[in-house]
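In what follows, a single structure is set out as structure tokens and then discussed.
The values are calculated or read from the model by the stated rules, or taken from the named source; none is laboratory data. Just so we're clear, the structure is a prediction, and the values are computed from it rather than from any experiment. Cβ atoms come from the backbone with ideal geometry, glycine included; neighbour counts cover every protein chain shown.
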């Protein structure tokens, strides 16, 4: 059995504390899930820093978030509740997604206009 779309967050001015906190929390979650016969799909697990461009440059890429011995992939954009969220909380990814969907719909309508009166 799987638990889907769980999100975990933490905030601190010290990046090392963030990594330590998240690693501890993930270890606790892994223990709880194992005790409740649930599986954590490590290949689908991701993490993302959120902040200004200046703050994001300060993030040390040598530190890792892990579940057991498996390092978790860092992403700059993710989908949350149907919305595209990026690390600087701009709307660029979301507007790109909506634009693509609208353009697909318009293309279909253009192709169908010759068949509809």
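Some notes on this structure:
- Among the residues of the stretch 39-49, those that are over 18 Å from residue 20 (Cβ atoms) and out of contact with any helix residue (DSSP H, G or I) (no Cβ under 8 Å at 6 or more places or on another chain) comprise 41, 42, 43, 44, 46.
- Only one of 62, 20 that is out of contact with any helix residue (DSSP H, G or I) (no Cβ under 7 Å at 6 or more places or on another chain) and in a helix (DSSP H, G or I): 20
- Evaluation of residue 56 against (1) outside the structural domain of residue 10 (by the TED database); (2) outside any loop (DSSP other than H, G, I, E, B); (3) closer than 22 Å to residue 19 by Cα (one fails), failing number: (1)
- Residue among 80, 43, 93 that is surrounded by fewer than 11 Cβ atoms within 10 Å (Cβ to Cβ) and in contact (Cβ under 8 Å) with a residue 12 or more places away in the chain: 80
- Checked against (1) under 18 Å from the mean Cα position of the chain (by Cα); (2) farther than 16 Å from residue 87 by Cα; (3) surrounded by 11 or more Cβ atoms within 10 Å (Cβ to Cβ), residue 33 meets all criteria but (1).
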